[in-house]
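What follows is a short report on a single structure.
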Amino acid sequence: MAEIVKRQTTVRVKTRRPVGMVATHPLQPSPAVAELERRERQLAALYELWRSAAHTDLERLLKNVTERAVAALDAHTGSVFLRERGTDLLHMVSSVGLPNDVSDSVTLLVGERIAGRVAETRQPILVNRDPHTHPLLAEGDIAKRPEVESALCAPLLGVTNEALGVLCVSRHAPATQYTESDLRVFSLFAAQAGAVIAQRQTIDDLTQAAKDQAKLEREMERSRALAAMGQFAATIAHELRNPLGSIKGAAQFLLQDSKDETVRDFLNIVVEEVNGLGKLTTDLLEFARPTPPALYEHNLVDIVRSEVSFLREELARLGCSQVQEFYKIDEAPVQVDAAQLGRALRNLLINAAQAMASVGNTRIDSRITLTLEAREASWLLRVEDNGPGLPSDVIEHLWEPFFTTKARGTGLGLAQVRKTIEAQGGTVRAENHAAGGACFEICLPHAQKTEDQ
């Protein structure tokens, strides 16, 4: 039987790779897939930006815009400039990848540098290695950033097409340069960002307007209540003044003839109490019918020094061991009624001394500190003590008439202080400072210079 040997043959089939197909590593996506993934990230960034706009404040929104722009455009750095309303100033308000000292201090004029030119023209810009060739840029627009390989800059436009600000991203060498396609995507992102920023600003404006309206209504209600209260107080004070004068006169007459020490002690108590009631009626009348301030130019330093000198012995009697004065200027011209302002300052100084004495503060370092310094358009006077400070539940009622924590206080002192300061164009506020004790701040505007000055 013949042995039949079967031979197996291997057939090799050659296949041709389609034209244009590139062999790739099985773990790495092709350039086309990578590009699709990048576009998907960019679209996702647009969606997330719009979705989060209504649920965050402006500061966080600007940070989101910057971070998402950097991620979507594969950038190394990003920044947002916002235009200050009513001016040509652009302030960097958010950044990614830049040093803090840079992002906190950059301010440009509209038309200055690349960001300023974009705000001026409202046109996006793609800048690669040689930015001098760009038709919209001049020599002075190019910042010295040798590490930047490529950059995109686009305007943030509001609903009326006004430039709210500018969004910028950049890549550092040796990264690949941006393309016109990237610029179109970036412009779309900036347009969306401008819309959500405008929306957030509108919401903030409406919220602030509502708060201002509510505050105005509260102030009007307060004014009506104070007017009614003042009228009532004035009537009471007027009715009390004449009888009190008669009582005091009778007590003083009896004191002249009385030899009995016990009787004299009681009569002195009567006179002392009548004097206290007399001060109360005076305070009531001053609060209800304040005298309009006679405004003249004075040196605030002189007014403060005069009151401190006048009260130094009284403050020491109340237990205040030191009164420190720090004047950072020699001349502080203000347009005020010096007598009324002096009484207001006197009230604050005595209150500070009484507050330290009320808790048995007999330490050798119990002190009041006065500091006067210049602000841009005003003078700031601080009156500080190292006493117990102001309880949190007291601060909110501190300026209300007839509110007091003193056993025998009228509650009109600080209300009158506020009324006096505001009548002279100033403001007054109270707070506790970190070192302990209370701090009262009086802010008065600079005296307006005349043409002769």
Quiz item: Here are some conditions: (1) of a type outside the set (S, T, N, Q); (2) closer than 30 Å to residue 378 by Cα; (3) without any contact (Cβ under 8 Å) to a residue 40 or more places away in the chain. Residue 307 meets all but one. Which one does it not meet?
Solution: (3)
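Rundown of residues vs (1) in the same structural domain as residue 268 (by TED's automatic domain parsing); (2) modelled with pLDDT of 85 or more, yes/no style:
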site: 170; (1), (2): no, yes
site: 175; (1), (2): no, no
site: 185; (1), (2): no, yes
site: 196; (1), (2): no, yes
site: 202; (1), (2): no, yes
site: 218; (1), (2): no, no
site: 231; (1), (2): yes, no
Exercise. Evaluate segment 275-282: report whether one residue or more is under 35 Å from the mean Cα position of the chain (by Cα) and buried (at least 16 other Cβ atoms within 10 Å of the Cβ).
Key: no
Exercise. With the condition kept exactly as written, say whether any residue in segment 197-204 is under 30 Å from residue 112 (Cα atoms), surrounded by fewer than 19 Cβ atoms within 10 Å (Cβ to Cβ) and hydroxyl-bearing (Ser, Thr, Tyr).
Key: yes
Exercise. State whether the residues of segment 378-389 include one that is assigned to a loop (DSSP other than H, G, I, E, B), among the polar types (S, T, N, Q) and farther than 23 Å from residue 282 by Cβ.
Key: yes
Quiz item: Among the residues of segment 362-391, which ones are hydrophobic (A, V, I, L, M, F, W, C), out of contact with any helix residue (DSSP H, G or I) (no Cβ under 9 Å at 6 or more places or on another chain) and farther than 19 Å from residue 447 by Cα?
Solution: 364
Exercise. Evaluate the following for residue 299: is it farther than 20 Å from residue 421 by Cα and either outside the structural domain of residue 415 (by TED's automatic domain parsing) or modelled with pLDDT of 85 or more (or both)?
Key: no
Quiz prompt | Wholly within segment 276-356, strands (runs of 3 or more DSSP E) carrying at least 1 residues that are aliphatic (A, V, I, L, M) | solution = 322-327, 333-336
Quiz item: Hey, which of the helices (runs of 4 or more DSSP H) in segment 56-130, taking only ones fully inside, have at least 1 residues that are touching a residue at least 40 places away in the same chain (Cβ under 8 Å) and out of contact with any Asp or Glu (no Cβ under 6 Å at 6 or more places or on another chain)?
Solution: 58-72, 113-121
Exercise. With the condition kept exactly as written, say whether any residue in segment 318-326 is among the hydroxyl-bearing types (Ser, Thr, Tyr), closer than 20 Å to residue 442 by Cα and assigned by TED's automatic domain parsing to the domain that holds residue 377.
Key: no
Practice problem: Spot the failing condition for residue 272; the list is (1) in a helix (DSSP H, G or I); (2) surrounded by 15 or more Cβ atoms within 10 Å (Cβ to Cβ), and only one is missed. | Solution: (2)
Self-check item: Filter result (surrounded by 18 or more Cβ atoms within 10 Å (Cβ to Cβ), closer than 16 Å to residue 336 by Cα and among the aliphatic types (A, V, I, L, M)) within segment 379-422
Solution: 381, 417, 421
Quiz item: In the list 101, 74, 88, which residue meets the criterion of being modelled with pLDDT under 85 and in the same structural domain as residue 158 (by TED's automatic domain parsing)?
Solution: 101
Quiz item: Just one of the numbered conditions (1) at pLDDT below 90; (2) assigned to a helix (DSSP H, G or I); (3) in the same structural domain as residue 422 (by TED's automatic domain parsing) is not true of residue 264; which one?
Solution: (3)
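Take the conditions under 30 Å from residue 278 (Cα atoms), modelled with pLDDT of 85 or more and outside any strand (DSSP E or B) and apply them to residue 418. Does it pass?
On the way: under 30 Å from residue 278 (Cα atoms): yes; modelled with pLDDT of 85 or more: yes; outside any strand (DSSP E or B): yes.
So residue 418 passes the test.
The values are calculated or read from the model by the stated rules, or taken from the named source; none is laboratory data. Remember, it's a predicted structure, so these values are computed and weren't measured experimentally. Note: ideal-geometry Cβ built from the backbone for every residue, glycine included; neighbour counts use all protein chains shown.
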